[in-house]
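Colleague: Submitted below is the structure of interest, expressed as structure tokens.
The values are calculated or read from the model by the stated rules, or taken from the named source; none is laboratory data. Keep in mind it's a predicted model, so treat the numbers as computed, not measured. Cβ atoms come from the backbone with ideal geometry, glycine included; neighbour counts cover every protein chain shown.
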Ligand SMILES: Nc1ncnc2c1ncn2[C@@H]1O[C@H](COP(=O)(O)OP(=O)(O)OP(=O)(O)O)[C@@H](O)[C@H]1O
Ligand SMILES: [Mg+2]
């Protein structure tokens, strides 16, 4: 049977995850042509995106793998599919920032857009849907997590000044004991990609990552994808990532940037 026809185990806005018969340790990740912003409120179908996304992700993960980062990525199958280790995904989005952009500015209105952090900022967000976490109702989805030294966590709304907020929930979160290791991998990953993009003349301003536990080995792996939706990539003050789409740019202009980033990603890690 064609692996591309395997059983769908998850489908989101931009990807379909399929199981593979005979290989319960792997999944097939298919990219879709969909581009979304504002948690799906803005949505378009962009011809070519699945291919550019797969190329970018595979090139990024190949570089990270060579550098010793534990990644779920295994191998590319074709233009729009790659194999990855099957993971139980952790409910976190881990964001690493070299510069202040996006929602960070809402939480820290005193910080100027584009401000450069000499030490990387790392933030954890809880992945939630329909404003629920287990039995709890939340005022906002994807809250910011602040971990205490003892492993308990406080949740804050992600889009209001942090200084004026009380946490709306406190408790323990799954795998919070892995927090330091996740942060370590996230920082290493950022430094590798920042350097690789710098060599090509671009500034990696921030990115988002997701982690999972390998269902066979129990190893913690950098999973999901890292593509042009995952980061902010600039030259001067010009974005080459999804930011222009969020800001209402014409789809053809966004397309050209995605194609260019995919093409350039093949040179990541090369001594240009
Ligand atoms: N290696 C993997 N093993 C198992 N599941 C994976 C793996 N990589 C990614 N996933 C999961 O595939 C799902 C579909 O991805 P997609 O990004 O399209 O969803 P989404 O609409 O963005 O929703 P989400 O907010 O959950 O990411 C996600 O829940 C993601 O966590
Ligand atoms: Mg996703």
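Colleague: May I ask you to list the residues in the stretch 49-82 that are over 18 Å from residue 209 (Cα atoms) and in a strand (DSSP E or B)?
Modeller: 75, 76, 77, 78, 81
Colleague: So how many residues does the stretch 226-255 have that are more than 20 Å from residue 208 (Cβ to Cβ), outside any helix (DSSP H, G or I) and touching a strand residue (DSSP E or B) at 6+ places or on another chain (Cβ under 8 Å)?
Modeller: Adding up the residues that qualify gives 1.
Colleague: Let me ask another. Of (1) outside the structural domain of residue 61 (by TED's automatic domain parsing); (2) in a loop (DSSP other than H, G, I, E, B); (3) out of contact with any helix residue (DSSP H, G or I) (no Cβ under 6 Å at 6 or more places or on another chain), residue 154 satisfies all except one. Which?
Modeller: Exception for residue 154: condition (2).
Colleague: Can you say whether residue 262 is surrounded by 17 or more Cβ atoms within 10 Å (Cβ to Cβ), within 16 Å of ligand 1 (Cβ to nearest atom), at pLDDT 95 or above and farther than 27 Å from residue 111 by Cβ, as far as the supplied structure shows?
Modeller: No, not satisfied.
Colleague: Report, by residue number, each residue of the stretch 152-190 that is touching a residue at least 60 places away in the same chain (Cβ under 8 Å) and surrounded by fewer than 15 Cβ atoms within 10 Å (Cβ to Cβ).
Modeller: The one that is touching a residue at least 60 places away in the same chain (Cβ under 8 Å) and surrounded by fewer than 15 Cβ atoms within 10 Å (Cβ to Cβ): 174.
Colleague: Please find, among 204, 191, 222, the residue that is more than 13 Å from the chain's Cα centre (by Cα) and either within 16 Å of ligand 2 (Cβ to nearest atom) or part of a strand (DSSP E or B) (or both).
Modeller: None of the others qualify; the one that does is 204.
Colleague: Could I ask something else about it? Could you go through the stretch 79-88 and let me know if any residue there is in contact (Cβ under 8 Å) with a residue 60 or more places away in the chain and surrounded by fewer than 17 Cβ atoms within 10 Å (Cβ to Cβ).
Modeller: Yes, the conditions are met somewhere in the stretch 79-88.
Colleague: So residue 258 ticks every box in (1) in a helix (DSSP H, G or I); (2) free of Cβ contacts under 8 Å to residues at least 60 places away in the same chain but one. Which box is left unticked?
Modeller: Unmet for residue 258, out of (1) in a helix (DSSP H, G or I); (2) free of Cβ contacts under 8 Å to residues at least 60 places away in the same chain: (2).
Colleague: If residue 110 satisfies every condition in (1) on the phi < 0 side of the Ramachandran plot; (2) in contact with a strand residue (DSSP E or B) (Cβ under 9 Å, 6 or more places away or on another chain); (3) in a loop (DSSP other than H, G, I, E, B); (4) surrounded by fewer than 17 Cβ atoms within 10 Å (Cβ to Cβ) but one, which is the exception?
Modeller: (2)
Colleague: Quick one: in the stretch 1-42, which of the residues that are in contact with a helix residue (DSSP H, G or I) (Cβ under 6 Å, 6 or more places away or on another chain) and assigned to a loop (DSSP other than H, G, I, E, B) is nearest to ligand 2 (Cβ to nearest atom)?
Modeller: In this case the residue turns out to be 32.
Colleague: In the stretch 215-233, what count of residues is obtained for those that are buried (at least 18 other Cβ atoms within 10 Å of the Cβ) and in contact (Cβ under 8 Å) with a residue 40 or more places away in the chain?
Modeller: Result for the stretch 215-233: 11.
Colleague: Can you name the number of the only condition in (1) within 30 Å of residue 19 (Cα to Cα); (2) within 16 Å of ligand 1 (Cβ to nearest atom) that residue 103 fails?
Modeller: The single condition residue 103 does not satisfy is (1).
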